[in-house]
1. Could you count how many Lys pairs in the chain have their Cα atoms under 16 Å apart, skipping same-chain pairs fewer than 8 positions apart?
2. For an R0 of 22 angstrom, estimate the FRET efficiency from the Cβ-Cβ distance between residue 191 and residue 42 and round to the nearest 0.05.
3. Classify the stretch 115-164 as rounded, prolate or oblate, taking a ≥ b ≥ c as the square roots of the eigenvalues of its Cα gyration tensor: rounded when a/c is under 1.5, otherwise prolate if a/b is larger than b/c and oblate if not.
4. Any chance you could give the angle, 0 to 90 degrees and rounded to 10, that helix 33-42 forms with the longest Cα principal axis of the chain?
5. Please report Rg over Rh for the chain, where both radii come from the alpha carbon positions and Rh follows the Kirkwood definition.
6. If r is the Cβ-Cβ distance from residue 198 to residue 145 and R0 is 22 Å, what FRET efficiency results, to the nearest 0.05?
7. Can you give the longest stretch of the chain with no exposed loop site, where a site means trypsin sites (Lys or Arg not before Pro) in a DSSP loop (not H, G, I, E or B) with at most 12 other C-beta atoms within 10 Å?
8. Arrange the following residues from fewest to most other Cβ atoms within 10 Å of their Cβ: 1, 175.
Amino acid sequence: MRVLLIEDDEILGDGLKAGVEQTSWVVDWVRDGDAAQLAFERETYDLAVLDLGLPKRPGIEVLRWLRRRGNEVPVLILTATDGVEDRVTALDAGADDYVAKPFDLDEVCARLRALHRRAVGCTSPVIRHRDIEIDPATRSITVGKFLVPLSPKEFAILQLLAENAGKPVPRRRLMSSIYGWDDEIGSNVLEVHVHHLRKKLPSLTVKTVRGLGYRLD
């Protein structure tokens, strides 16, 4: 999954980015409201973490602009303003959840997972596909009674394919879920990751959809 972090505090933003990336998610980080709007215009995100007290353009304006454009990305507000009126205003403007600073990183990640489950229509915290169980909270893959070690990128690809089982997932969407702005990307890295998935999980049926991407049958 790909997350846009919109936070102007360097220390807080650096810690959040590092912490969220431990969940196997890709995080793009911008530090003001104008940069946030530009990022939303250029990329498709699964989740967004938005501070309200931003330079150049307030976070609430970014949120309203986002919803006016019809962008339904789940947005978690993360801010120092924790009055009831502030929460009501943000939620009525289109926010999906609200956490006040100071916060616990584990709680933020759990709330992001919950937002993502609702966005993809999954009620269970564990994704099941045939004999495979995918647990995003622990980032573990279980086949029967056995744990199967996957790299963070392999895990992210498998989760995305499983959430869209039976439907082709475009190559660009898969690449977006595992590489951010700062990553160097080789020409056939996606094929290599899919090859490793097929090798580690023999019961997995990942079909190549020519000219598009991959599909988990």
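None of the figures in this text is laboratory data; all of them are computed from the coordinates on show. What you are looking at is a predicted structure, and each value in this text was computed from that prediction instead of being measured. Please note: Cβ atoms are built from the backbone with ideal geometry, for glycine as well, and neighbour counts cover all protein chains shown.
1. Numbers: 17/101; 145/200; 153/199; 153/200; 167/207; 199/207.
Taking the Cα cut-off of 16 Å, the pair count is 6.
2. On the way: r = 25 Å, r/R0 = 1.14.
Here the calculated transfer efficiency is 0.30.
3. Working: a/c = 1.86, a/b = 1.44, b/c = 1.29.
Prolate.
4. Taking Cα atoms only, the helix is inclined about 30 degrees.
5. Values: Rg = 17.9 Å, Rh = 18.2 Å.
Ratio of gyration radius to Kirkwood radius: 0.98.
6. Details: r = 22 Å, r/R0 = 0.98.
That gives a FRET efficiency of 0.55.
7. Numbers: sites that count: 69, 145, 210.
The answer is 70-144.
8. On the way: 1 24, 175 18.
Going from sparsest to densest Cβ surroundings: 175, 1.
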